[in-house]
Amino acid sequence: MTLLIKSATIIDKTSPFHNQTKDILIENGIILKIENSIENKGNFEEIQLDNLHISQGWFDTSVCFGEPGFEERETIENGLNTAAKSGFTAVAVNPNTSPVADNKATIEFIKNKACGFATSLYPLGSLTKNSESEDIAELFDMKNYGAIAFGDYKKPISNANLLKISLQYAQNFDGLIMSYPQDNSIARNGLVNEEKNSTRLGLKGLPALAEEMQIARDLFILEYTSGKLHIPSISTAKSVQLIKDAKKKGLQVTCSVTAHNLVLTDDELMDFDSNTKVLPPLRTSKDINALIKGLNDGVIDIITSDHNPIDIEHKKVEYSNAKFGTIGLESLFGALNKVIDTDVLIASLTTNPRKIFNIEINCIKVGEKADLTLFNPDDAYTFTEAHILSTSKNSIFLNKKLTGRVYGVIANNKTIL
Amino acid sequence: MSQLSVKHLIGIKHINEADINLIFETADHFKEVINRPIKKVPSLRDITIANLFFENSTRTKLSFELAEKRLSADIINFSASQSSVKKGETLIDTANNILSMKVDLIVMRHPNVGACDFLSKHVNARIVNAGDGTHEHPTQALLDSYSIREKLGSVTGKKVVIVGDILHSRVALSNIYALKLQGAEVKVCGPKTLIPKYIESLGVGVEYDIKKALEWCDVANVLRVQNERMAINYFPSTREYAQLFGINKPLLDSLSKKIVIMHPGPINRGVEITSEVANSDQSIILNQVENGVAVRMAVIYLLAEQIQR
């Protein structure tokens with residue numbers, strides 16, 4: 001199949017055509033030509049879209065699709081289609097399924113279910129058996145069947161020795177370990193950021209201290225063991241500082257931040273909307289400023305939507321009974337596009353996460369695989385339920401004004417627009 | 001006649017000073033009514049009220065029930081221990097089932113913060129919050145302010161210290177909002193483990209020395225030590241709590257002025273305050289109970305008044 005993309009502004013710092021508007025000819029999934037103007041001689045399928053911008057395909061390192069076990073929340077099929085239409089050509093799915101993805105059979109099942117889609121799926125294996133934080137799962141076996149990193153999703157590794165052993169063991173096969181930053185003895189059953197708003201609402205606070213102490217502990221362990229540690233979804237100013245210092249020391253630590261933690265504060269909690277119940281919790285504007293600076297300075301490597309579909313039965317309930325989590329694939333770009341510098345945003349969705357999770361990078365140049373996200377950065381709209389493609393509708397961005405619309409993707413020799 | 005600015009009474013933070021004045025003026029009238037030989041008015045005889053208590057309560061439930069009966073409302077009572085909630089029914093379903101029986105107003109106590117707010121968005125009835133987790137207990141705060149006003153003439157400019165477990169207390173939070181709204185000065189006093197870290201952001205002071213706190217104030221509102229809300233020990237023993245924060249007669253007598261002692265009940269005698277203090281002429285604890293009925297009558301009457309009938 002041959003495809004001609006007309007007048008696309010290329011946003012790819014690794015490409016010689018960065019910030020230039022070009023026509024792109026793609027044949028059988030490979031970029032054949034990038035020129036100022038390409039004539040449509042062969043009656044190729046042509047893509048001509050308003051204010052079209054193109055970047056490398058985005059990769060979200062933390063999504064949940066429910067399947068197997070929670071298909072009422074989301075299925076792999078609809079999840080991957082949602083990801084494609086939201087601009088993601090790759091997603092890493094968390095192991096919080098039922099059964100937990102802690103063995104090669106479940107990893108294989110998930111991989112098999114994800115065959116033949118535009119968006120590629122990369123499973124994250126559970127670090128411990130059944131994510132119970134007791135015994136290490138068969139990490140090497142899972143890696144051989146496609147798991148790209150190992151963690152227990154939002155369950156912290158409470159036992160410091162377990163993290164020590166995991167970091168040491170994974171070095172045998174260059175494995176990446178993820179540790180959710182929360183000290184449960186401090187967090188207890190905290191629901192929202194401990195600050196003036198939690199005090200006003202009488203909601204049990206989750207102090208920033210819980211996150212920062214766990215990160216400090218993990219970094220101490222990493223310094224002792226060496227190895228590669230990824231800390232997902234940091235949310236406080238002090239966490240940024242801790243990771244900055246560790247990187248300066250030369251530790252192999254990387255981290256991500258969620259889209260909602262970059263733009264929303266705990267002021268959102270005032271009417272007890274359970275969609276605002278997320279982990280890590282929404283923090284303060286001081287934290288947001290530090291997180292954005294952390295991104296710009298290269299301390300924070302990755303932005304994730306932390307897409308977590310939760311069915312209405314677990315969200316349309318009293319705040320304290322609601323499950324944590326928001327969907328985010330559909331709204332990520334529109335929420336961040338005018339807040340984060342474009343080059344930083346695109347790098348944190350493309351080259352950075354692909355390098356860290358060791359998956360293929362496809363630069364926008366002739367001869368490379370066409371793995372592309374198509375978007376219009378200037379389209380402003382109010383995000384409503386009509387924009388949600390996920391099975392579950394629990395979006396923290398409902399009724400927010402977003403700017404930037406995603407057209408879709410070209411990947412795996414498929415076009416989803 | 002004036003009306004409340006809200007459709008529900010979910011929290012003091014949603015109402016304004018004019019609402020409080022209106023509630024107090026209406027309560028004055030009802031207080032006179034409940035002291036008549038015939039303690040009842042027919043105002044709400046076409047209104048049905050459901051008292052939904054998802055958490056144990058004795059005095060608040062009795063007070064609401066009495067207030068409703070004095071207004072001639074029809075009432076139904078529901079408590080979690082004898083309901084289908086234990087069978088897994090959700091709050092919305094429980095409430096909607098009850099509303100299908102054509103209930104006009106719901107008085108609800110619930111262990112979860114924000115439960116009344118949640119209910120008000122999903123059911124078509126007036127809601128009165130009778131306590132939601134550690135969030136608010138607005139009628140308690142109103143009756144506390146009403147009792148201060150009755151005793152001292154006004155709340156404005158008075159110095160009130162709230163003593164005890166502030167961290168787990170909806171009474172403290174509602175009281176802080178109500179007192180600040182009426183221009184009182186507020187301090188909290190208790191073990192540091194039971195004072196929220198960011199409490200000063202609500203415009204209140206913090207004092208850890210009970211004697212200094214009492215010396216400063218005109219009114220001490222002493223809260224119950226809520227052992228049932230504590231998942232862990234925030235202090236080693238009630239004995240030690242009483243040593244540090246208990247109010248006894250010698251302590252009261254050592255102060256340079258006579259302060260007013262309040263307590264929302266039930267009292268742990270000998271822990272927060274001694275019997276001698278509870279029974280002294282400085283205590284207005286039983287006035288609070290009487291005023292509770294009048295204030296709750298006022299709140300229910302004013303909300304029911306907005307219902308088209």
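Say whether the condition of being modelled with pLDDT of 95 or more and within 15 Å of A:Ala187 (Cβ to Cβ) is met by at least one residue in the stretch A:254-274.
Checking the stretch A:254-274: not a single residue is modelled with pLDDT of 95 or more and within 15 Å of A:Ala187 (Cβ to Cβ).
So is B:Val128 assigned to a strand (DSSP E or B), modelled with pLDDT of 90 or more and either more than 14 Å from chain A (Cβ to nearest Cβ) or under 20 Å from B:Glu68 (Cα atoms) (or both) or not?
Details: assigned to a strand (DSSP E or B): yes; modelled with pLDDT of 90 or more: yes; either more than 14 Å from chain A (Cβ to nearest Cβ) or under 20 Å from B:Glu68 (Cα atoms) (or both): yes.
So B:Val128 fits the description; yes.
Does A:Leu209 satisfy the criteria of being touching a Leu at 6+ places or on another chain (Cβ under 9 Å) and either within 30 Å of B:Ile166 (Cβ to Cβ) or away from chain B (no Cβ under 12 Å) (or both)? Steps first, please.
Working: touching a Leu at 6+ places or on another chain (Cβ under 9 Å): no; either within 30 Å of B:Ile166 (Cβ to Cβ) or away from chain B (no Cβ under 12 Å) (or both): yes.
Taking the combined requirement at face value, the residue does not satisfy it.
What are the pairs, 6+ residues apart or on separate chains, where a residue within the stretch B:259-272 that is within 15 Å of B:Ile162 (Cα to Cα) has its Cβ under 6 Å from a residue that is open to solvent by 50 Å² or more (accessible area, probe 1.4 Å) and of a type outside the set (Gly, Ala, Ser)?
B:Val260/B:Lys151; B:Gly265/B:Arg59
Which members of the stretch B:132-154 meet the condition of being out of contact with any strand residue (DSSP E or B) (no Cβ under 6 Å at 6 or more places or on another chain), open to solvent by 10 Å² or more (accessible area, probe 1.4 Å) and not in a loop (DSSP other than H, G, I, E, B)?
Those that are out of contact with any strand residue (DSSP E or B) (no Cβ under 6 Å at 6 or more places or on another chain), open to solvent by 10 Å² or more (accessible area, probe 1.4 Å) and not in a loop (DSSP other than H, G, I, E, B): B:Gln140, B:Arg149, B:Glu150, B:Leu152.
Within the stretch B:7-35, which residues are assigned to a loop (DSSP other than H, G, I, E, B) and among the β-branched types (Val, Ile, Thr)?
Taking the stretch B:7-35 and keeping what is assigned to a loop (DSSP other than H, G, I, E, B), we get B:7-8, B:10-11, B:15-16, B:35.
Once the filter is applied, which keeps residues that are assigned to a loop (DSSP other than H, G, I, E, B) and among the β-branched types (Val, Ile, Thr), the stretch B:7-35 yields B:Ile10, B:Ile15.
What are the pairs, 6+ residues apart or on separate chains, where a residue within the stretch B:184-209 that is within 14 Å of chain A (Cβ to nearest Cβ) has its Cβ under 6 Å from a residue that is open to solvent by 60 Å² or more (accessible area, probe 1.4 Å) and in a helix (DSSP H, G or I)?
Note: pairs meeting the criteria are B:Tyr198/A:Lys196; B:Ser201/A:Lys196; B:Gly203/B:Lys180.
Search the stretch A:233-275 for residues being part of a loop (DSSP other than H, G, I, E, B) and open to solvent by 50 Å² or more (accessible area, probe 1.4 Å), and hand back the single one that is nearest to the other protein chains (Cβ to nearest Cβ).
Per the stated criteria, the residue is A:Asp273.
Can you tell me how many residues in the stretch A:123-160 are touching a helix residue (DSSP H, G or I) at 6+ places or on another chain (Cβ under 9 Å) and assigned to a helix (DSSP H, G or I)?
7
Against the definition (part of a loop (DSSP other than H, G, I, E, B), modelled with pLDDT of 95 or more and over 18 Å from A:Ser305 (Cβ atoms)), how does A:Gly42 come out, yes or no? So that I can check it myself, show each step before the final result.
Values: part of a loop (DSSP other than H, G, I, E, B): yes; modelled with pLDDT of 95 or more: no; over 18 Å from A:Ser305 (Cβ atoms): yes.
Considered against the rule, which asks whether it is part of a loop (DSSP other than H, G, I, E, B), modelled with pLDDT of 95 or more and over 18 Å from A:Ser305 (Cβ atoms), A:Gly42 comes out as no.
For A:Arg200, are the conditions met, namely being more than 13 Å from chain B (Cβ to nearest Cβ), open to solvent by 30 Å² or more (accessible area, probe 1.4 Å) and of a type in the set (Lys, Arg)? Outline the logic, then answer.
Values: more than 13 Å from chain B (Cβ to nearest Cβ): no; open to solvent by 30 Å² or more (accessible area, probe 1.4 Å): yes; of a type in the set (Lys, Arg): yes.
The answer is no for A:Arg200.
Mind listing whichever residues of the stretch A:365-395 are open to solvent by less than 10 Å² (accessible area, probe 1.4 Å), in a loop (DSSP other than H, G, I, E, B) and touching a Gly at 6+ places or on another chain (Cβ under 8 Å)?
Correct list: A:Ala370, A:Phe383, A:Ser390, A:Asn394.
In the list B:Leu119, B:Leu173, B:Leu167, which residue meets the criterion of being within 14 Å of chain A (Cβ to nearest Cβ), part of a helix (DSSP H, G or I) and at pLDDT below 95? Give the steps one after another, and end with the answer.
Numbers: B:Leu173 fails: at pLDDT below 95; B:Leu167 fails: part of a helix (DSSP H, G or I).
Going through B:Leu119, B:Leu173, B:Leu167 in turn, just one is within 14 Å of chain A (Cβ to nearest Cβ), part of a helix (DSSP H, G or I) and at pLDDT below 95: B:Leu119.
Counting only residues that are open to solvent by less than 10 Å² (accessible area, probe 1.4 Å) and of a type in the set (A, V, I, L, M), which one in the stretch A:312-334 is nearest to the other protein chains (Cβ to nearest Cβ)?
Per the criteria, the residue is A:Ala322.
Could you tell me whether A:Ser179 is crowded, with 18+ Cβ neighbours inside 10 Å and within 20 Å of A:Ala101 (Cβ to Cβ)? First the steps, then the outcome.
On the way: crowded, with 18+ Cβ neighbours inside 10 Å: yes; within 20 Å of A:Ala101 (Cβ to Cβ): yes.
Yes: the conditions hold for A:Ser179.
Yes/no matrix, rows are residues, columns are (1) away from every other protein chain (no Cβ under 14 Å); (2) surrounded by fewer than 21 Cβ atoms within 10 Å (Cβ to Cβ); (3) within 27 Å of B:His122 (Cβ to Cβ):
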{"site": "A:Lys277", "(1), (2), (3)": "no, no, yes"}
{"site": "A:Leu282", "(1), (2), (3)": "yes, no, yes"}
{"site": "A:Ile288", "(1), (2), (3)": "yes, yes, no"}
{"site": "A:Ile302", "(1), (2), (3)": "yes, no, no"}
{"site": "A:Ile310", "(1), (2), (3)": "yes, no, yes"}
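Would you check which residues across the stretch A:177-197 are assigned to a loop (DSSP other than H, G, I, E, B) and more than 13 Å from chain B (Cβ to nearest Cβ) and list them? Full working, then the answer.
Taking the stretch A:177-197 and keeping what is assigned to a loop (DSSP other than H, G, I, E, B), we get A:179-183, A:188-191, A:194-195.
Correct list: A:Ser179, A:Tyr180, A:Pro181, A:Gln182, A:Asp183.
Can you run down the residue pairs with Cβ atoms below 7 Å, 6 or more apart or on separate chains, where the first is in the stretch A:353-374 and farther than 16 Å from A:Gln252 by Cα and the partner is polar (S, T, N, Q) and surrounded by fewer than 17 Cβ atoms within 10 Å (Cβ to Cβ)?
Within 7 Å, the pairs are A:Cys363/A:Thr14.
Against the condition of a type outside the set (Lys, Arg), under 22 Å from B:Ile75 (Cα atoms) and within 14 Å of chain A (Cβ to nearest Cβ), how does B:His135 come out, does it pass?
Values: of a type outside the set (Lys, Arg): yes; under 22 Å from B:Ile75 (Cα atoms): no; within 14 Å of chain A (Cβ to nearest Cβ): yes.
It is false that B:His135 is of a type outside the set (Lys, Arg), under 22 Å from B:Ile75 (Cα atoms) and within 14 Å of chain A (Cβ to nearest Cβ).
Which of the following residues is under 14 Å from B:His8 (Cβ atoms), surrounded by fewer than 24 Cβ atoms within 10 Å (Cβ to Cβ) and touching a helix residue (DSSP H, G or I) at 6+ places or on another chain (Cβ under 9 Å): B:Asn112, B:Asn124, B:Asn129? Talk me through it step by step, then tell me what you get.
Values: B:Asn112 fails: under 14 Å from B:His8 (Cβ atoms); B:Asn129 fails: surrounded by fewer than 24 Cβ atoms within 10 Å (Cβ to Cβ).
Within the list B:Asn112, B:Asn124, B:Asn129, the selection yields B:Asn124.
The values are calculated or read from the model by the stated rules, or taken from the named source; none is laboratory data. Please read all numbers here as calculations on a predicted model, not as lab measurements. No Cβ is skipped: glycine too gets one built from the backbone with ideal geometry, and neighbour counts run over all protein chains shown. Protein only, heavy atoms only, side chains kept; ligands, DNA and RNA dropped before computing areas. Shrake-Rupley method; radii C 1.70, N 1.55, O 1.52, S 1.80 Å.
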